[in-house]
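Contents: one structure, followed by commentary.
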């Protein structure tokens, strides 16, 4: 079962969730909080980028939508890497089939919406290599 391993990875970790859809923010935050994570949500990438600039040391994982108005998830990931953020950055989308991780070196980890615990566990374990 994934839950004990996922809980161990997320317990007391600060996870940023970035998505322009309120329902996705609520559902994803609820799942992550049930697994012991502290969650901050942002409905646009620029807000998340500003937060990370001031709080990078306190960010353990970023989960961001690939397709948002304005700054897209891949652009956010690139900007966060440019700012020096080294934690796992996981993209999520309702259309992961069209994403090629090799196109966007800053965002090689992509999971489906809605976020599923087993996919999140696999992405987090892959992001620790």
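Read-outs: derived from the displayed coordinates by stated rules, not from any lab. Note that the coordinates shown come from a computational prediction; the quantities given were computed from them, not determined experimentally.
Descriptive notes on the structure:
- Helix-only [θ]222 nm of the chain, DSSP H runs n ≥ 4, -39500 (n - 2.57) each, per residue, nearest 500: -12000 deg cm²/dmol
- Taking the stretch 3-126 and dividing mean pair separation by its residue count, relative contact order in percent (alpha carbons under 8 Å, at least six apart): 23 percent
- Relative contact order (%) - the stretch 20-74, alpha-carbon pairs under 8 angstrom, separation at least six: 34 percent
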